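The values are calculated or read from the model by the stated rules, or taken from the named source; none is laboratory data. Given the structure is predicted, the values throughout are model-derived calculations rather than measurements. In this analysis, Cβ positions are derived from the backbone assuming ideal geometry, glycine residues included, and neighbour counts consider all displayed protein chains. Please note that ligands, DNA and RNA were not included when accessible areas were found on the heavy atoms of the full protein model with its side chains. Shrake-Rupley method; radii C 1.70, N 1.55, O 1.52, S 1.80 Å.
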Amino acid sequence: MNTTDHALLRLLHLSSAGLPVGAYAFSHGLEYAIEASWLKSDSDIERWLSMQLRFSLAALDLPILLRLDRALAESDVDAVRYWNALILASRETRELQLTDTATGLALQKLMPEFGMPVIAMQGPVSFVTVFAQAARYWQIRSEMAAIGFCWSWIENQVNAATKLLPMGQTQAQRMMHTLQGRISAVIDVAGNVADDDIGVSLPALSLASMHHETQYSRLFRS
């Protein structure tokens, strides 16, 4: 096996829904949106997730992931801390921030098991930050890391949807196929976002997340 093969295997490991960081426990507001009948079908959910890919991941998570990779390559700890603080400050609800910090902490705790050094963040750490650290340590190119990050997010969200909506295997696979076909364009957009333009505001997503925090009955963590 060559270096590229090893990097691909590590990327598959890092992006797997089986990686025990608890991402499966969060629905990113999807549970409330279905409970409130904002989303009634698989096509509704597909549009909901497509909007998040284009206007959330491409505008916030991925641009910061790419900058974190650059900062880590240059051993610029101050920049790593800055981008970590910015992405956490950009989470619009307590639940969305909890999703980020809980999964980030879980992955950070695994890092010593993989022989990875841990950067002291002087506060909560974002999953995006730890994902970037793991990708850099395993010599995964930033573009490939971004693909893996998107895939992991899509897989978790579609899995959540199958638990919340009567949706068969074929519908779920069709949705994943459609959404993964948009990853390349999303990464292209993310690569052209200027520093001052990084950020996102999706009011419906924020409202769904806030309502989910106090939803009477739920499957997913808040």
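See the values below:
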| quantity | calculated |
| --- | --- |
| Selected residue (only one of 154, 147 is of a type in the set (A, V, I, L, M, F, W, C), closer than 17 Å to residue 53 by Cβ, modelled with pLDDT of 95 or more and open to solvent by 50 Å² or more (accessible area, probe 1.4 Å)) | 147 |
| Hits in the stretch 168-222 - residues which are among the basic types (Lys, Arg), at pLDDT 95 or above and outside any helix (DSSP H, G or I) | 182 |
| Selected residue (only one of 215, 139, 171 is in contact with a helix residue (DSSP H, G or I) (Cβ under 9 Å, 6 or more places away or on another chain) and open to solvent by 80 Å² or more (accessible area, probe 1.4 Å)) | 139 |
| Failed condition for residue 62, given (1) out of contact with any Ser or Thr (no Cβ under 9 Å at 6 or more places or on another chain); (2) farther than 21 Å from residue 198 by Cβ; (3) crowded, with 23+ Cβ neighbours inside 10 Å | (2) |
| Helices (runs of 4 or more DSSP H) fully within the stretch 1-107 counting 2 or more residues that are hydroxyl-bearing (Ser, Thr, Tyr) and over 14 Å from the mean Cα position of the chain (by Cα) | 3-15 |
| Which listed residue, of 37, 27, 56, is open to solvent by 40 Å² or more (accessible area, probe 1.4 Å) and of a type in the set (S, T, N, Q) | 37 |
| Residue list for the stretch 68-119, restricted to those being out of contact with any helix residue (DSSP H, G or I) (no Cβ under 7 Å at 6 or more places or on another chain) and buried (at least 21 other Cβ atoms within 10 Å of the Cβ) | 99 |
| Subset tally (residues that are under 14 Å from residue 14 (Cβ atoms) and of a type in the set (Gly, Ala, Ser)) for the stretch 100-115 | 2 |
| Residue check, residue 123 open to solvent by less than 60 Å² (accessible area, probe 1.4 Å), assigned to a loop (DSSP other than H, G, I, E, B) and of a type outside the set (Asp, Glu) | yes |
